[in-house]
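Q: Below is a structure I'd like to ask you about.
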Amino acid sequence: MTVYTDDAAAYGALPNVINQFRHETVSHDSGEYVRGEVHTNGIESVWAALKRTITGTWRHVSPKYLARYVNEATFRLNEGNCEVDTLDRMAAFSAGIGGKRLSYANLTADNGKSASPAVA
């Protein structure tokens with residue numbers, strides 16, 4: 001498996017952290033955005049969609065529930081294909097929530113994380 005990133009310094013230690021993967025980069029600073037199969041367009045699109053949803057729909061995201069917001073945005077992105085019938089998408093949603101329960105006590109439990117502004 002290969003991990004594709006840009007050449008940002010933050011990814012410098014990546015091969016050492018996940019040494020079972022190959023790490024390929026593109027150099028945005030040099031005007032390189034695609035080299036064969038190496039690009040970051042897919043993940044950049046995902047982050048852009050998440051940020052638009054946070055700022056346009058939710059307005060504020062608590063760190064406590066960030067994983068849930070990301071999961072919902074992921075579901076929307078994966079199931080948002082307009083060529084898929086709405087009833088099929090609703091069936092996929094219903095199948096995904098079956099057997100899960102979120103009690104009020106768990107929803108409001110203090111996990112030590114403080115609220116912060118929405119992701120910019």
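Q: Which residue pairs have Cβ atoms closer than 7 Å, lie 6 or more positions apart in sequence or on different chains, and pair a first residue in region 68-79 that is within 13 Å of S45 (Cα to Cα) with a second residue that is assigned to a helix (DSSP H, G or I)?
A: Cβ pairs passing all conditions: A73/A49; A73/L50; A73/T53; L77/V46; L77/A49.
Q: For region 60-74, does any single residue satisfy the condition of being at pLDDT below 80 and not in a helix (DSSP H, G or I)?
A: No, region 60-74 contains no residue that is at pLDDT below 80 and not in a helix (DSSP H, G or I).
Q: Of all residues in region 25-53, how many are small (G, A, S), modelled with pLDDT under 90 and loosely packed, with under 12 Cβ neighbours inside 10 Å? Walk me through how you get there before you give the answer.
A: The first filter runs over region 25-53 and keeps only residues small (G, A, S), leaving 27, 30-31, 36, 42, 45, 48-49.
Retained after the next criterion (residues that are modelled with pLDDT under 90): 42, 45, 48-49.
Applying the additional criterion that residues be loosely packed, with under 12 Cβ neighbours inside 10 Å yields 42, 45, 48.
Count: 3.
Q: For V84, all conditions in the list (1) open to solvent by less than 70 Å² (accessible area, probe 1.4 Å); (2) assigned to a helix (DSSP H, G or I) hold save one; what is the number of the exception?
A: (2)
Q: So, one more: Is one or more of the residues making up region 8-24 of a type outside the set (S, T, N, Q), part of a helix (DSSP H, G or I), open to solvent by 60 Å² or more (accessible area, probe 1.4 Å) and under 30 Å from D110 (Cβ atoms)?
A: No, region 8-24 contains no residue that is of a type outside the set (S, T, N, Q), part of a helix (DSSP H, G or I), open to solvent by 60 Å² or more (accessible area, probe 1.4 Å) and under 30 Å from D110 (Cβ atoms).
The values are calculated or read from the model by the stated rules, or taken from the named source; none is laboratory data. Every value quoted in this text rests on a predicted model; they were computed, and no experiment measured them. Every residue, glycine as well, gets a Cβ built from its backbone with ideal geometry; the counts of neighbours run over all protein chains shown. Surface areas here come from the heavy atoms of the whole protein model, side chains and all, with no ligands, DNA or RNA. Shrake-Rupley method; radii C 1.70, N 1.55, O 1.52, S 1.80 Å.
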